[in-house]
Amino acid sequence: MFDWMLPDKHAIAILKKEHDDVKGLFNDFEKAETQAAKEKIINEAVRALMAHAVIEEEIFYPAVRQHVGSKAMNEADEEHHVAKVLIAELDRDGRGNDHRDAKFTVLAESVRHHIKEEENDMLPKAKELNIDFEALGRRMLDRKNQLFAEGFPKDAEHVMVASVNGRTDSPAAAAHRKPVRPAAKTKTHKTQTRTVTAKKRSRAGR
C-alpha cells in the first residue's frame, strides 16, 4: 500500500489532499436535499477541479511524465480532457439545464476513476523520482493562488463548448425538438397475398 505520510507541502501530498477534498464534495452532492445546496457544491467543485487540472498539467505532469511512462500519462491526459468537457459545460450552464445534476454525477464518476488510477499507479511511480517535491509543491500552490486571484485561462474544452454556444444534443433534447411520427404500416403477408391474387384475376379476365 502506498505510504501517504508525506510533508504537507510535498507535491504528492498536495494532490492527495485535493483528491480527498473533491471526493468529499461529490459525497456531499449525493446527500444534498435541495437544488440550492447542490448548485453550491457544483460551483465549488468546478472551481476546485479547474485549478487542480491546471497545476497538474502545467507543473506536476511534465515533471514526472518521463519516469511514469507514456501509457499512464497519455491515459491521464485523456481522462482530463473528458472531465474538462463536462466542467466547461457546467461552468457555462445555469439552473435551467435539466441535465445539470446528471452531468455533475457523470463528472463525479469520471473523476473518481481518474483519482483511483493516479493514486494506485501514477503517484507511487512518481514518488520514486529523486526531485525536490517540496519545491515542486510550492510552485503548485503559488500557481493555484494565482488562478483564484486572477482567473482561469481558457482551455480548449471551454473554447469548444463556447463555439457551439453551450448547446448539447442529448437524446432527450432531440426528442423534445422532433415529435415522433408513427411508423408507416407495412403490408401483412395476407394483404400481400390478396393483392397478388387480385392482379392475377385481373389479367385472366382481359
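The values are calculated or read from the model by the stated rules, or taken from the named source; none is laboratory data. Not measured: the values here are computed from a predicted model. Surface areas here come from the heavy atoms of the whole protein model, side chains and all, with no ligands, DNA or RNA. Shrake-Rupley method; radii C 1.70, N 1.55, O 1.52, S 1.80 Å.
Per residue, how big is the convex hull of the range 1-49 when only Cα atoms are used? Give it in Å³.
Working: hull volume 4.0 nm³, N = 49.
Each residue corresponds to 81 Å³ of Cα convex hull volume.
Kindly give the semi-axes, whole Å and largest first, of the ellipsoid equivalent to the range 10-129, taking each as the square root of 5 times a Cα gyration tensor eigenvalue. If you can, show how the numbers build up before the last one.
Numbers: eigenvalues 157, 39, 25 Å².
Listed largest to smallest, the semi-axes of the range 10-129 are 28, 14, 11 Å.
Would you kindly state how much longer the chain becomes between Glu30 and Ser163 on full extension, computed as 0.36 nm times their sequence separation minus their alpha carbon distance, in nm to one decimal? Mind dumping the intermediate values first?
Details: separation 133, 0.36 × 133 = 47.88 nm, distance 3.14 nm.
Result for the pair: 44.7 nm of gain on full extension.
Evaluate the Kirkwood expression for the hydrodynamic radius of the range 49-106, namely the inverse of the mean inverse distance over all pairs of different C-alpha atoms, and round to one decimal in Å. Write out the running numbers ahead of the final one.
Numbers: mean 1/r = 0.0781 Å⁻¹.
Roughly 12.8 Å, rounded to one decimal.
At a probe size of 1.4 Å, how large is the accessible area of Leu129, to the nearest 10 Å²?
Approximately 40 Å² for this residue.
Of all the Cα-Cα pairs you can form in the range 79-156, what percent are over 18 Å apart?
Details: 1864 of 3003 pairs.
Of the Cα pairs, 62 percent sit more than 18 Å apart.
If I stretch the segment between Asp101 and Val82 completely, what's the gain in nm (0.36 nm per residue apart, minus their alpha carbon distance), one decimal? Present the calculation step by step, with values, prior to reporting the outcome.
Details: separation 19, 0.36 × 19 = 6.84 nm, distance 1.70 nm.
That pair, Asp101 and Val82, stretches by 5.1 nm at full extension.
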